[in-house]
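Beneath this line is the structure, given in structure tokens, with notes to follow.
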Amino acid sequence: MPRYAIAYDIADNSRRRKVANLLDSLGDRVQNSVFELVVSRSMLTKCLHSIKELLNMEEDKVVVYFLCRTCESKRIYVGAVDGTTEIGDEQVFVV
């Protein structure tokens, strides 16, 4: 099943909480405003339709990133995480 990262920037606390609750019901929160979902394409479409109903289209923004299987295994986490890839396990380039 496909994996997606969804990030949002939502101005209003109430709208932000509703979107977070929706995404939390479908996936895992990896940052305050970033979730990873493993869902079918049709479920993603339904999810985005529901999110769109909650947003103020002039103030809020949601971005979906499609995570390919190859890229998924190359994630790098720094900080308070368990059982994940750390710097040094992958090639990291800082420019």
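A few notes on this one:
- Taken residue by residue, the stretch 76-89 has no member that is on the phi < 0 side of the Ramachandran plot, modelled with pLDDT of 95 or more and surrounded by 11 or more Cβ atoms within 10 Å (Cβ to Cβ).
- Of all residues making up the stretch 45-63, the number that are in contact with a helix residue (DSSP H, G or I) (Cβ under 9 Å, 6 or more places away or on another chain) and among the hydrophobic types (A, V, I, L, M, F, W, C): 5
- Of all residue pairs spaced 6 or more apart or on separate chains, those with beta-carbon atoms under 9 Å, a first member in the stretch 39-54 that is outside any helix (DSSP H, G or I) and a second member that is surrounded by fewer than 16 Cβ atoms within 10 Å (Cβ to Cβ) and of a type in the set (A, V, I, L, M) are V39/M1; S40/M1.
- Residue, modelled with the lowest pLDDT, within the stretch 55-75, restricted to residues that are surrounded by 11 or more Cβ atoms within 10 Å (Cβ to Cβ) and assigned to a helix (DSSP H, G or I): E72
- Hits in the stretch 3-36 (condition: out of contact with any helix residue (DSSP H, G or I) (no Cβ under 8 Å at 6 or more places or on another chain) and in a helix (DSSP H, G or I)): N13, S14, R16, R17, A20, N21, D24, S25
- Residues of the stretch 9-30 that turn out to be surrounded by fewer than 13 Cβ atoms within 10 Å (Cβ to Cβ) and in contact (Cβ under 8 Å) with a residue 24 or more places away in the chain, as a count: 2
The values are calculated or read from the model by the stated rules, or taken from the named source; none is laboratory data. Please read these numbers as outputs of a predicted model, since none were measured by experiment. FYI the Cβ positions are ideal-geometry reconstructions off the backbone, even for glycines, and counts take in every protein chain you see.
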